[in-house]
Number of protein chains: 2
Amino acid sequence: MPPPFFPRTPCLDQQDAEALRREILAYFHTTFDRYEALFGHLTGDAAYYERPISLRHPLIFYFGHTATFFINKLTLAGLVQARIDPRLESMFAIGVDEMSWDDLDEAHYDWPTVAQVQAYRDEVRTTLDGIIRHAPLTLPLDWNNPWWAILMGIEHERIHLETSSVLMRQHALHHVQPLPDWAPCRHGGPTPANPLVQIPAGRVCLGKPLSDPYYGWDNEYGRHEAAVPAFQASRQLVSNGEFLAFVEAGGYSTDRYWDEEGLAWRNFAQATHPTFWVQHPAGWRLRLLAEEIPMAWDWPVETNCLEARAFCRWQAEQSGQAVRLPTEDEWYRLLAFAGVEEVGAAPAAANLHLDHYASSCPVTEFPQGPLYDVCGNVWQWTETPIYPFDGFQVHPWYDDFTTPTYDDRHNLIKGGSWIACGNEARHSSRYAFRRHFFQHAGFRYVVGEAPIRQAVPHYETDKQVSEYAEFHYGDTYFGVPNFPQAMARLAIEALGERPAQKALDLGCATGRASFELARHFDAVTGIDFSARFIQLGVQLAEQGSLRYTLTEEGELVSFKERRLDELGLAEVCHKVQFLQGDACNLKPLFAGYDLILAANLIDRLYSPRKLLTQIHERLNPGGLLVLASPYTWLTEHTPREEWLGGFKQDGENLTTLDALKTLLAPHFRLLQAPLDVPFVIRETRRKFQHSISEVTVWERR
Amino acid sequence: MPPPFFPRTPCLDQQDAEALRREILAYFHTTFDRYEALFGHLTGDAAYYERPISLRHPLIFYFGHTATFFINKLTLAGLVQARIDPRLESMFAIGVDEMSWDDLDEAHYDWPTVAQVQAYRDEVRTTLDGIIRHAPLTLPLDWNNPWWAILMGIEHERIHLETSSVLMRQHALHHVQPLPDWAPCRHGGPTPANPLVQIPAGRVCLGKPLSDPYYGWDNEYGRHEAAVPAFQASRQLVSNGEFLAFVEAGGYSTDRYWDEEGLAWRNFAQATHPTFWVQHPAGWRLRLLAEEIPMAWDWPVETNCLEARAFCRWQAEQSGQAVRLPTEDEWYRLLAFAGVEEVGAAPAAANLHLDHYASSCPVTEFPQGPLYDVCGNVWQWTETPIYPFDGFQVHPWYDDFTTPTYDDRHNLIKGGSWIACGNEARHSSRYAFRRHFFQHAGFRYVVGEAPIRQAVPHYETDKQVSEYAEFHYGDTYFGVPNFPQAMARLAIEALGERPAQKALDLGCATGRASFELARHFDAVTGIDFSARFIQLGVQLAEQGSLRYTLTEEGELVSFKERRLDELGLAEVCHKVQFLQGDACNLKPLFAGYDLILAANLIDRLYSPRKLLTQIHERLNPGGLLVLASPYTWLTEHTPREEWLGGFKQDGENLTTLDALKTLLAPHFRLLQAPLDVPFVIRETRRKFQHSISEVTVWERR
C-alpha cells in the first residue's frame, strides 16, 4: 500500500467538530514532520549557518521561524497565553523574504544551535498538539475563529517548505545530500515543440467569499470580474531546450530584450543563463534540490520574471508576434479552457503537492485538456502585479502578509510547483514575489493584444492624503455628518430651481463634494492645488475604489477600502473631471458655472483676495457662490498681510465674515444668514481635529 | 446769569426715554462744542501738525480722532451703516497714547488739512445728531444697549478733552493762545504747611454692578473688597513749594531716591525738575494751558508717578517715616473719611469739571472734610497698578481699552483734575497711565505700613498656556465634560474606601485635577515640567482667579476670567501644592502616595519607561496608579526608541496598552477594563482638538 498522500488543506465546512479537530491534528503533524524531513537534506551545522544567498537568512532561521510563527499567531488569537522562549521567538519572528537585491541584510545574529532549535520545535509541537487536542472548537471555522490561526500557522509552514527547498537548491552542493524519500524525476528527453494553442475569449470571475470552505490568505477574498479577449498560449511551459535558443542567441547580453528593471538586475547579478543551470566543460547541467544532473532539456526552464520577459521580447522579435507573459486573468482562462480540477484525495493529475517527484519533470508529462501543466511542475510568472480584489480586507492577525506587496513590484505566480502543497496547490491561491526573485518558477508565453497595463491600486500611506481620504469617504466620528456631502447638499438646496449645468468644486481635495454635486449637475469640475489629493479622486472615478491606511496608534495602521458604488456615486462619476489648478490664478476657461463651491479653501490660499475679487467672472448671473471656512488663518498658508480678517483694522475687530461682505458686495448678494457646519478629521484612533466651518451663500448679481 | 455748568454724565435710570434722548443730545453737542473750543487755543496750522511731544501724534490727529471714534463704535453697535470718509477714518482710528518712551512712533502720515477735518467733524456731528434724535431708544440704557456706544463716544471725547489739553500744555508757547472762556486761576500764595492727618482703619468695597445708572468703562465693574489699616495722609496735595525742597536738595540727581524704572526714565528724559516748571533767570515759572505765569507755590505740583515716588523716598529719609504714595484702596478711605459727594448740578465743591478754572488752584482752596482736594485740582498718583475687579468683563465694542493696561506698568490716578469732566469726574472712574506719563496729575503722600505690593493678575496670552487654562477651567465643548475633573472623579471613585491622605498629580499642567483631588485628599502635590503651566495653578491658589485670552479668529481674542470659588474649589485649594519637576527623574521625597494620577502624560515624556518602571516606589501598597493617554506618540516629545507601543515588535503589533501591561505587571494589578474618556482642547472659536484618552487603573501590589 503506498503511503497516504501528503494531506490536502482541510475542507472546513464540516458538521463534526471532533472529526475536523482530528483532521487538523494530522495536518499539523504531517506538515511539521515533512518540514523537518526537508531539513534532513542538510549535511551538517555549516549548512544551517552559511547563507545560501546573501539576500536571505541562513536556514537555521527558517528552521525556527515556522515554529515561532505558530506561537505568535496563536497568541494573537488568544489560544496561547505565554511565550515558550522569548529570546528565540524574537530572533525567529521576522524573515527577510522581501529584500531587494540592492538592500543587503547587515544585521548580526547570534544564532542558537541546531539542537536548541530542534528542542524549541519539539516544545512548540507539544504545545500545538495540546491545543489542537483540547482547545474548544466552535464551528464554523472561519477567519474570525481562533482556530484560523492554527491553519494559518500550518499553511505558513507549507509555504516555507517550498521556499526552504528553493534555498537548499541555491546552497552549495556539499551542504546538501539526497534523501530516498525525496526522489527527483529520473527521466527526460529532447526539446519538444511548443505550438501555440488558441484560447477563446471569455469572462473570469475571481475572488472568494468569506464563506469559502478552505483556508485562504486575505488576498484571495473579494471579487474581480473581467472579460478576457481571445489569445494564443504556448501549449507547454517553456522548456530548458526552448530557452537555450535564447541563451545561445546572446539573449542575456542583448540589452534591447530587457526592460529597465531587468537590465538593472542582470547587471547586478552578472547573469548569463538561468540560475539553476550549471555550466560544465562537458555541457550544461541542471541543479536540483540536492544534486546536479545532466541538463533535462524537456523539463521547464526556471527563471525570474525579468528573464521570462526578456525571452518573450526575443521570441516576439523572432516571430513577429506579440509574445508576452500571460496576465492573471488569462491564466484563469487557461484553467477553464483546460478544465483542470482542484487537487483531490487521489494523486494530482499534475506534478503538484509532492504527489509525484521532488523535482520538475518533462513539460509534456501532464496533459491538461489541450495544454500541459496549467497547474503544477513549476510556478508560472504572470505579467500582473498583485493587487487587491474589490472588497479586500486585511486579516488582522497578519496585516503585513499582503499589503506590502501591493506596491506594483510583486508579480503574481500561478499554478504551483511540484512542492506546492496545501493552500499553495489550490487554484484560488495568489502568491506574488519580486520580479527578480527565484522560485521553482518558469513560464508559459502567450500571443495576444498587448495587455493594458493596469495601474495597481496601492494603499495610500501619505499621512495627509490618507486623512483626507477618510475625511471624504470614510467613517463619521462624534456623530458629525460627512462634510463634503453636507456641503454639496446644502449648495444644491440653496440652488433650488436655478440652472444646474456646470458646477465648480474649488479646492476639491480628494473630491467627495465633486461627486456629490454630480448627482444634480450635468458637469462638475473639481480643482485642487494638490495633485496628490486629486489623484485620489481620479483613481476613484477610474477604478471605482480607493484604498488607504489609517493611523491607529504610533506607527500602527489599519487598511481601508472605499467604493464609489457603495456611496451611490458610481452612476454619476462620469460627469466629474478633476484638474490640478491654482484657485488664486485660475485659467480663463474655468467660467460659465451655475455654482462654485469653495469649502475649507480660503484660509489655505496664498491670496484669497485674488480669488474673491475675480470669482464673479466665473459665475453665470444668478449663480451661487458657496463658501465654507473655519477661518483658521495661519501664516504658513497665507501671509499675514493677505489674511482677509481675524485682526484689528483701524482699531476695530475685523472678522473674516465682515471682510467677505465687503469684498463680495460689488457683485454678490448674501442669500441667507451664515450657517455653522462641523467637520472632523481623524488623525489617529484617539485624536481628531474637530472644527466648525462658517458657510455663506452668495448670489451673483 | 452764569452759563450753565458743563453737563454732567447723564443718569441713565430714567423712565422717560424722550427726556433721556434730549439730555444725551445736549450732552453730545456740548461735548463736541467744548472739544472744538479747546482747539481754539491753537494759533495756526503749524500748531496742529507739529508734535507737542515725540511720543504722541500731532494735535490734528486728536482733532479728528474723537469724531472717528463715534463712527467706529456706532458701527459696531449697529447704529451707523456706512463710513463717512474711509481714508480719514482709517487715519484717525488708532492713537498712540500708550507708547513707551523707548518706542518712538516712526509712522509717516499724510494728514488732511484742518478745514478738511473740521468738515469731517461737521458731518459726524450731523450724523450723530440725526441718530440721537431719531434712532429708537429702548430703556434700560445699559451696556448691551446700542445707545451705550453713543455715551461711549461722548465720554471718550471728554477723556480727550483732558489729554489734548495736556498736549497743548506741552506744546511750544507760540503754538497756543489764551482764550477768555478758558481763564486760569489768578491767585496764589506762599507754600502752605502740609500736616499729616490720621485716617482710621476701615473697609472699602469697590466696583459697580452692571445695573449702575451711570455710564462706566469696563474696568469699573465687578467687585473688590478690602480692609484698609489705619494710616496718615498729607492734608493737602503736595504743592510746588513743598516739592521745591526736594528739587533744591538735589533730589533729581540723587539716584537712591529713584527706583530702577524711575532712574531709567530720568536718564532718558534728563529730568531735573517737574515738567511744567520753567526755569527762567528770574526764577521758576509755571506753564499753564496757554501761558506761563510766575510760579504758584501753593498750587499742586504736577509730576509723573516716578517723580512722586522719588519725592516720597526723599521725604521718608528726611522724616524717618514710611512715606509713600497711597494705594487705590487708601484713596477710597480718604474719600469716605472726607465725606466727599459726587459732582452734582451745582458747582462742584472741588476744582473739577471746568466748574471753576481752566487751571489748578491753591491746594488749600477746596476743603473736603479735614482734608483738601481728595477730588479735583489735579489727579493723584497711586501706588496701585490698575487691575481688574473680580467679575471684570471686557466690553466687546472696546476690547482694547482696558485689557492692555493690565500689565503692571499702568498705575491708577484718582480724584480728577480741574478739566476732568463726565465719567472722569465720578468717584468710580479708574484711569491708569504708564508711570512715566504726564497728565494734570500730582500726588498726596501717606505714611503707613508699607503696602504689600499686589501681583497684578494679567491676561495670560501665551497660546498654549491659554488653551490649557480653557481646557482645565473654561467652558465645555461638544458636550464633552471637563477632563481633569472627570479624571479626578474617576480616580476618587476607583479609590473607594482606601486611604486618601496624599495624592500626586503628575503632569498636572495648569492644575485642575490637583484641585479636584483636594476635595477628597488631605494633601495633593501637582507636578509639571512646565513652570509656565504650574504658574497658573499657583496664581489660582494664591489669588483665587485667573485671566486669559482666547483666540477667536486669527489675531482676534476674547477675554476670560475664572474663579476658584465659582468652581467650588476655594475651600480646598490650601491642600494643593504645585511644583516644577521632571516625571522621568522625580526626587526621592515624592513618595508615600495613596494615589498617583498621570493624565495625558506618558506620551509627552522623553522616557515614559523610566517613569513606569519606578513609579511603584512612590505609591503605598494598595495605592492606585491612574493612567490616561490618547497614545499620541510623536518623536518631538518621545524619541522613537522610547515609545512604549504603537509599532511592530518581532513582527506583531505592539499597542501601548500591551506595553503597559508588561511594564507594570511586576508591581501592579490592572483593576478594571480600560475606559475611554474624551477631551477637547479649544484652539479657536471654530477649531478644536478632540481626543479620547484610554484610562487604566492599577493597584500597587
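Could you tell me whether A:Leu670 is at pLDDT 95 or above and more than 30 Å from A:Lys560 (Cα to Cα)? Yes, satisfied. Scanning the stretch A:657-684 for residues that are within 8 Å of another protein chain (Cβ to nearest Cβ) and touching a Pro at 6+ places or on another chain (Cβ under 9 Å) yields a total of 1. Considering only residues in the stretch A:74-119 that are modelled with pLDDT under 95 and in a helix (DSSP H, G or I), the one that is nearest to the other protein chains (Cβ to nearest Cβ) turns out to be A:Ser90.
Of the residues A:Glu552, A:Glu497, A:Glu493, A:Glu566, only one is in contact (Cβ under 8 Å) with a residue 60 or more places away in the chain and either in contact with an Asp or Glu (Cβ under 6 Å, 6 or more places away or on another chain) or surrounded by fewer than 23 Cβ atoms within 10 Å (Cβ to Cβ) (or both); which? From the options A:Glu552, A:Glu497, A:Glu493, A:Glu566, the qualifying one is A:Glu552.
Can you find, within the stretch B:377-414, the residue that is nearest to the other protein chains (Cβ to nearest Cβ) among those that are in a strand (DSSP E or B) and of a type in the set (Phe, Trp, Tyr)?
The first filter runs over the stretch B:377-414 and keeps only residues in a strand (DSSP E or B), leaving B:379-385, B:390, B:410-414.
Still in the running and of a type in the set (Phe, Trp, Tyr): B:379, B:381.
On the way: B:Trp379: 25, B:Trp381: 28 Å.
Top of the filtered list is B:Trp379.
Note on the stretch B:186-224: residues that are over 35 Å from the mean Cα position of the chain (by Cα) and over 22 Å from B:Phe337 (Cβ atoms) amount to 6.
Selection of the stretch B:230-267 for residues being buried (at least 21 other Cβ atoms within 10 Å of the Cβ) and of a type in the set (S, T, N, Q) yields B:Ser234, B:Gln236, B:Ser239, B:Asn240.
Could you tell me whether the stretch A:306-328 includes any residue that is outside any loop (DSSP other than H, G, I, E, B), farther than 28 Å from A:Val247 by Cβ, among the basic types (Lys, Arg) and under 25 Å from the mean Cα position of the chain (by Cα)? There is no residue in the stretch A:306-328 that is outside any loop (DSSP other than H, G, I, E, B), farther than 28 Å from A:Val247 by Cβ, among the basic types (Lys, Arg) and under 25 Å from the mean Cα position of the chain (by Cα).
On the given criteria, is A:Ala598 assigned to a strand (DSSP E or B) and within 14 Å of chain B (Cβ to nearest Cβ)? Outline the logic, then answer.
Working: assigned to a strand (DSSP E or B): yes; within 14 Å of chain B (Cβ to nearest Cβ): no.
So A:Ala598 fails the test.
One residue stands out among those in the stretch B:500-535 that are touching a Pro at 6+ places or on another chain (Cβ under 9 Å) and among the hydroxyl-bearing types (Ser, Thr, Tyr): the one that is surrounded by the fewest Cβ atoms within 10 Å (Cβ to Cβ), which is B:Thr510.
In the stretch A:213-229, the residues that are surrounded by 20 or more Cβ atoms within 10 Å (Cβ to Cβ) form Cβ pairs under 6 Å with partners that are basic (Lys, Arg) and assigned to a strand (DSSP E or B), at six or more places apart or across chains, as follows: A:Gly216/A:Lys208; A:Glu220/A:Lys208; A:Tyr221/A:Lys208.
Checked against (1) crowded, with 16+ Cβ neighbours inside 10 Å; (2) outside any loop (DSSP other than H, G, I, E, B); (3) hydrophobic (A, V, I, L, M, F, W, C), B:Phe6 meets all criteria but (2).
Does B:Val456 fit the bill of being at pLDDT below 85 and either more than 15 Å from B:Asn304 (Cβ to Cβ) or part of a strand (DSSP E or B) (or both)? Yes, satisfied.
Residues are listed down the side, and each one gets a yes or a no for (1) more than 14 Å from chain B (Cβ to nearest Cβ); (2) part of a strand (DSSP E or B); (3) at negative phi; (4) out of contact with any Phe, Trp or Tyr (no Cβ under 9 Å at 6 or more places or on another chain):
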site: A:Val557; (1), (2), (3), (4): no, yes, yes, no
site: A:Asp565; (1), (2), (3), (4): yes, no, yes, yes
site: A:His574; (1), (2), (3), (4): yes, no, yes, yes
site: A:Cys584; (1), (2), (3), (4): yes, no, yes, no
site: A:Phe590; (1), (2), (3), (4): yes, no, yes, yes
site: A:Asp594; (1), (2), (3), (4): yes, yes, yes, no
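Have a look at B:Ala349, B:Ala345, B:Ala358 and point out the one that is over 24 Å from B:Phe311 (Cβ atoms) and either without any contact (Cβ under 8 Å) to a residue 24 or more places away in the chain or in a strand (DSSP E or B) (or both). From the options B:Ala349, B:Ala345, B:Ala358, the qualifying one is B:Ala349. Scanning the stretch B:635-656 for residues being hydroxyl-bearing (Ser, Thr, Tyr) and more than 9 Å from every other protein chain (Cβ to nearest Cβ) gives a total of 2.
Taken over the stretch B:643-658, the criterion of being of a type in the set (A, V, I, L, M, F, W, C), surrounded by fewer than 21 Cβ atoms within 10 Å (Cβ to Cβ) and not in a strand (DSSP E or B) is satisfied by B:Leu657 alone. Remark: A:Ala19 matches the filter, which requires a residue to be among the aliphatic types (A, V, I, L, M), part of a helix (DSSP H, G or I) and more than 30 Å from B:Thr655 (Cβ to Cβ). Within the stretch B:236-257, the set of residues being farther than 18 Å from B:Val301 by Cα and outside any helix (DSSP H, G or I) comprises just one member, B:Thr254. When B:Tyr631 is tested against (1) assigned to a strand (DSSP E or B); (2) of a type outside the set (S, T, N, Q); (3) modelled with pLDDT of 95 or more, only condition (1) is not met. If you go through the stretch A:110-122 and pick out every residue that is charged (D, E, K, R) and either in contact (Cβ under 8 Å) with a residue 40 or more places away in the chain or within 15 Å of A:Gly153 (Cα to Cα) (or both), you end up with 1.
Close Cβ contacts (under 6 Å, 6 or more residues apart or on different chains) running from residues in the stretch A:659-682 that are closer than 13 Å to A:Ala628 by Cα to residues that are assigned to a helix (DSSP H, G or I) and hydrophobic (A, V, I, L, M, F, W, C) comprise A:Val677/A:Ala486; A:Phe679/A:Phe483. For the stretch A:195-206, check the following and say yes or no: at least one residue is under 30 Å from A:Trp143 (Cα atoms), β-branched (Val, Ile, Thr), in contact with a helix residue (DSSP H, G or I) (Cβ under 7 Å, 6 or more places away or on another chain) and surrounded by 15 or more Cβ atoms within 10 Å (Cβ to Cβ). Yes, because at least one residue in the stretch A:195-206 is under 30 Å from A:Trp143 (Cα atoms), β-branched (Val, Ile, Thr), in contact with a helix residue (DSSP H, G or I) (Cβ under 7 Å, 6 or more places away or on another chain) and surrounded by 15 or more Cβ atoms within 10 Å (Cβ to Cβ).
Among the conditions (1) over 30 Å from B:Val677 (Cβ atoms); (2) touching a residue at least 60 places away in the same chain (Cβ under 8 Å); (3) among the hydrophobic types (A, V, I, L, M, F, W, C); (4) within 12 Å of another protein chain (Cβ to nearest Cβ), A:Trp698 misses just one, which is (4).
The values are calculated or read from the model by the stated rules, or taken from the named source; none is laboratory data. Please read all numbers here as calculations on a predicted model, not as lab measurements. Every residue, glycine among them, receives a Cβ derived from its backbone with ideal geometry; neighbour counts consider all protein chains shown.
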